[in-house]
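Notes for the one structure printed next.
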Amino acid sequence: MQMMHLGVIILSILLITLITLDTLRNVSFLADSTYLRVQFWCCLFFIADVFVEMSFAPKKWKYLWHHTLFLLISIPYLNIIHHFNIPVDAHIQYMLRFVPMIRTAYVFTIVTGATASARWAKNMLITYMIVLIVAVYFCSLSFFVSENPVNPQVPDYWSSLLWSIMSLTTAGSSIHAVTMTGRVLGVLLSAMGLIFFPIFTVFLTDSYSNQMPSQSDTDDATSQTSPQSSASAPVSGNQSDNQAN
């Protein structure tokens with residue numbers, strides 16, 4: 001089971017690498033047969049992973065029902081669109097490239113949860129950081145694809161990456177989106193920043209307060225040591241009187 005999960009993560013990294021290379025080289029993924037073949041076999045592996053997990057589940061149909069979403073997002077929609085020549089907007093097709101990554105996020109959550117022990121706080125913090133980094137990365141790629149052909153403020157990918165970071169921090173950017181896709185991405189990044197940064201603050205504060213000893217614990221420790229100190233005092237006095245006699 002762990003080997004299947006590891007395979008899902010490795011194949012997802014391969015897909016992300018291919019998406020990045022095609023985006024930076026301005027290569028259409030529909031014209032790149034290599035990417036379509038790789039995504040097809042990766043999606044088949046993702047589907048096989050669902051059925052392998054179902055074979056080990058005690059209630060197989062219940063497991064399949066609860067994991068129907070992950071089965072649907074593992075379908076190679078781009079290959080179906082390309083094979084049947086279905087007319088779909090190019091921006092929507094680009095977004096569909098990231099749909100299988102949802103399966104990767106779920107598997108990563110399982111792997112992280114399986115290794116969580118006393119270090120659960122550290123694991124959760126790392127998970128939040130990865131979610132933010134992945135969101136900024138994917139949004140920057142999508143923003144670059146949408147804005148670069150029509151927006152002179154986005155001449156290269158790095159300007160798109162800067163826009164994504166500034167949008168996430170809600171600090172604002174001098175780059176303004178001119179396409180509907182870019183505006184939607186800006187709203188999503190700003191909302192994510194408003195949601196996740198307070199979570200970071202609460203999470204770190206709670207972790208710090210749990211590590212600090214409470215005042216009641218300190219008072220209990222003091223009350224336990226005080227009778228011992230008072231009991232030892234008369235003994236010392238009796239010993240000194242015996243020595244004097």
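The values are calculated or read from the model by the stated rules, or taken from the named source; none is laboratory data. Since the model is a prediction, treat every value here as computed from it, not as a measurement. When the accessible area is computed, the model is the full protein with side chains, heavy atoms only, and any ligands, DNA or RNA have been set aside. Shrake-Rupley method; radii C 1.70, N 1.55, O 1.52, S 1.80 Å.
For Asn26, are the conditions met, namely being open to solvent by 70 Å² or more (accessible area, probe 1.4 Å), within 30 Å of Arg183 (Cα to Cα) and not hydroxyl-bearing (Ser, Thr, Tyr)?
On the way: open to solvent by 70 Å² or more (accessible area, probe 1.4 Å): yes; within 30 Å of Arg183 (Cα to Cα): yes; not hydroxyl-bearing (Ser, Thr, Tyr): yes.
For Asn26, the condition - open to solvent by 70 Å² or more (accessible area, probe 1.4 Å), within 30 Å of Arg183 (Cα to Cα) and not hydroxyl-bearing (Ser, Thr, Tyr) - is met.
A single entry from Ile16, Ile73 fulfils the requirement of being open to solvent by 40 Å² or more (accessible area, probe 1.4 Å) and closer than 26 Å to Ser140 by Cα: Ile16.
Has the stretch 48-59 got at least one residue that is modelled with pLDDT under 85, under 26 Å from the mean Cα position of the chain (by Cα) and among the small types (Gly, Ala, Ser)? No, the stretch 48-59 contains no residue that is modelled with pLDDT under 85, under 26 Å from the mean Cα position of the chain (by Cα) and among the small types (Gly, Ala, Ser).
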